[in-house]
Amino acid sequence: MGSLFRNVDASWFRMDDPTNLMVVTGVLVLDAPVPVARIRELLEKRLLRFHRFRCRVVPPVGGVGLPSWEPDPDFSIDRHLTVVRLGPGAGDPALQAFVSEQLSEPFPEGRPIWSIHFIEHFGGGSALVARILFIAVRRLSSRMPASTAPLAASMATTLLSATLLT
């Protein structure tokens with residue numbers, strides 16, 4: 001058995017539905033191109049050290065009680081890291097349209113509740129679009145040093161910055 005949700009996390013989780021996604025989305029635009037192999041390496045080394053990112057949410061039996069975090073027996077980073085091509089010369093409008101599409105997509109059931117879309121060629125560099133269910137980072141974000149991402153616009157951006165750039 002995994003670790004049971006705290007009551008407050010269960011409340012947040014129950015608020016998540018297709019018309020009210022409790023997903024934090026962050027966009028990180030990098031000035032220089034980064035190979036996807038480097039992103040994968042950093043995710044494996046820095047993000048996946050947090051056990052939560054290898055876990056999935058398992059609802060309580062019969063719908064009574066608290067959901068739990070349990071290791072995903074089929075975990076693969078390839079189910080979470082997707083390489084996206086927006087097209088030659090794609091700029092901010094194409095990135096905004098892509099992010100807009102992602103904002104209304106729920107996570108697949110039975111998988112860890114995060115994803116990163118890596119845009120290899122964006123402007124003169126690369127871009128990352130991170131989507132993380134709020135409850136996955138609610139407690140983690142309070143453990144990160146303030147110096148890793150001062151005044152971050154969202155917890156997803158904070159998480160990405162702390163994970164990939166420190």
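Computed from the coordinates by the stated procedures, all read-outs in this text should not be read as laboratory data. All values reported here derive from a predicted model rather than from experimental measurement. Here the Cβ positions follow ideal geometry from the backbone for every residue, glycine too, while neighbour counts run over all protein chains shown.
Label-to-label distance for Arg46 and Asn20 is 3.4 nm, based on points extended 7 Å past Cα in the beta-carbon direction.
In this label model, Arg38 and Val99 are separated by 2.2 nm, measuring between points 7 Å along each Cα→Cβ vector.
For the pair Ser3 and Asp31, label points projected 7 Å from Cα toward Cβ lie 3.8 nm apart.
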